[in-house]
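Here the structure is laid out as structure tokens; the discussion comes afterwards.
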Amino acid sequence: MPSLTFVLPHWLYWSSLVLFPLAAVFFVYRERAQRDAGRANLFLAYFFLITAGFLGMHRFYLKSRWGFLFIPFFVAVLWTSGQVRDGREALSLARSQAEHAERVLTHAKADVASGKAGAADRLAKADSDAVSARDNNAAAIGGLVRSNNLARIAGILLGIVLVGDIFLVPGLVRRARERERQPAPTDVHPLVTDVPVTPVKQPLAVFRPVDWLVRVTGELVAYWAVLAVIAYYYEVVARYVFNSPTNWVHESMFLMFGIQYMLAGAYAYRDETHVRVDIIYSHLSERGRAVCDIITSAFFFLFTGTMLVTGWRFASDAMAVGERSFTEWGIQYWPVKLAIPIGAALLLLQGLSRLMRDITIATRRIG
């Protein structure tokens, strides 16, 4: 198989962090609005074809047994890829041995020219070793060429089957949707029953824009987890199928998750999903919990305010110098560091909203 030399451009990385969540939200809400939501759809079928079509996942998604046809082709690709990898190692070793034999032969010829004792015998042996090394090198080159040809044939065959399915997918989706008839309500036997969820307390009217901003930000960055699956999927395929490990996938993903961690903090605080040790708090009344939150909010605002001020200094220094990573990819660091004060600001606004709500609950008359 040919090597993959693709390196993710910086502009594509940053634009995907913005455009992918927007596109995902559009498709999700469009799917929810459809009357037959939940059935096989064309978007997911093509998504599986593009990302895992070589394993027939688009066929399995559409409940077609022809997906098993792709597995032998993929196994052939893996096997030939392993042969190419072994052939490269064999060629590297044979080339090294041939170069060493040529150097020994050159020295032996020099010894013969200078009339050193036993030089003729050493020359004969060096000449024999050089001929053998040349033959081994030529055999390694031929073996690598054969392996590359086999890998190319396997890849082409798999590609032909995939290209054919590009045109067949719409018909497969239509047939799959016809098979997926919605059962009557009396025929539904859910495996998982609904678990009661504690509703999120509504903010005061003045803070509803803050609540909306925090919710939208949290939901958008949540879709970055799908990008991580796609990126690491590409890394696995590039490493084990094409023998082309990347130097940018891991760095791009841990930077993305760092931004997500900062921007989603306010969203988690809004829905009260942060991990905490709860011994007494849950046993208090609603007013008691509000009073407890008001008292402990001093520590919250101290921490959040400090993170906002120091995070802004941290980010402004990075923006001033256009800081980049020290790896070969050289991605910009200042957008990552800018997420610290932005996340702190969102957390601070959400904390103010919650504090005002708690004050209202604590001062509310009973009865």
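Please work out if R289 is buried (at least 18 other Cβ atoms within 10 Å of the Cβ) and basic (K, R). No. Mind listing whichever residues of the range 246-284 are at pLDDT below 85 and in a loop (DSSP other than H, G, I, E, B)? D271, E272, T273, H274, V275, R276, V277, D278, I279, I280, L284 - these are the residues of the range 246-284 that are at pLDDT below 85 and in a loop (DSSP other than H, G, I, E, B).
Filter the helices (runs of 4 or more DSSP H) completely within the range 1-98 down to those with at least 3 residues that are modelled with pLDDT of 85 or more and in contact with a His (Cβ under 9 Å, 6 or more places away or on another chain).
Per the criteria, 42-52.
Does at least one position in the range 255-268 carry a residue that is out of contact with any Cys (no Cβ under 9 Å at 6 or more places or on another chain), surrounded by fewer than 16 Cβ atoms within 10 Å (Cβ to Cβ) and of a type in the set (S, T, Y)? Yes: the range 255-268 contains one or more residues that are out of contact with any Cys (no Cβ under 9 Å at 6 or more places or on another chain), surrounded by fewer than 16 Cβ atoms within 10 Å (Cβ to Cβ) and of a type in the set (S, T, Y). Each residue in the range 72-94 was checked for being of a type in the set (A, V, I, L, M, F, W, C) and more than 16 Å from Y240 (Cα to Cα), and 4 of them qualify.
Could you go through the range 121-143 and let me know if any residue there is closer than 30 Å to F70 by Cβ and either of a type in the set (D, E) or at pLDDT 90 or above (or both).
Scanning the range 121-143 turns up at least one residue that is closer than 30 Å to F70 by Cβ and either of a type in the set (D, E) or at pLDDT 90 or above (or both).
With the condition kept exactly as written, say whether any residue in the range 10-20 is assigned by TED's automatic domain parsing to the domain that holds A133 and farther than 24 Å from G155 by Cα.
Looking through the range 10-20, none of the residues is assigned by TED's automatic domain parsing to the domain that holds A133 and farther than 24 Å from G155 by Cα.
Among all positions in the range 156-178, there is at least one residue which is surrounded by fewer than 12 Cβ atoms within 10 Å (Cβ to Cβ) and modelled with pLDDT under 85.
All of V77, V169 fail the test of being closer than 24 Å to L4 by Cα and touching a residue at least 60 places away in the same chain (Cβ under 8 Å), apart from V77.
For the range 204-233, taking the residues that are over 8 Å from the mean Cα position of the chain (by Cα) and under 30 Å from F74 (Cβ atoms), the one that is surrounded by the fewest Cβ atoms within 10 Å (Cβ to Cβ) is identified as Y223.
When we screen L42, L19, L12 for residues that are more than 30 Å from N148 (Cα to Cα), exposed (fewer than 14 other Cβ atoms within 10 Å of the Cβ) and touching a helix residue (DSSP H, G or I) at 6+ places or on another chain (Cβ under 6 Å), the only hit is L42. Assigned to a helix (DSSP H, G or I), in contact with a His (Cβ under 6 Å, 6 or more places away or on another chain), buried (at least 17 other Cβ atoms within 10 Å of the Cβ) and outside the structural domain of W329 (by TED's automatic domain parsing): does that describe L105? Against the criterion (assigned to a helix (DSSP H, G or I), in contact with a His (Cβ under 6 Å, 6 or more places away or on another chain), buried (at least 17 other Cβ atoms within 10 Å of the Cβ) and outside the structural domain of W329 (by TED's automatic domain parsing)), L105 does not qualify. Among the residues of the range 51-63, none qualifies, meaning not one is outside the structural domain of V236 (by TED's automatic domain parsing), of a type in the set (S, T, N, Q) and more than 28 Å from the chain's Cα centre (by Cα).
The values are calculated or read from the model by the stated rules, or taken from the named source; none is laboratory data. Keep in mind the model is a prediction, meaning the values are calculated, not measured. Glycine also receives a Cβ, built like all others from the backbone with ideal geometry; neighbour counts cover every protein chain displayed.
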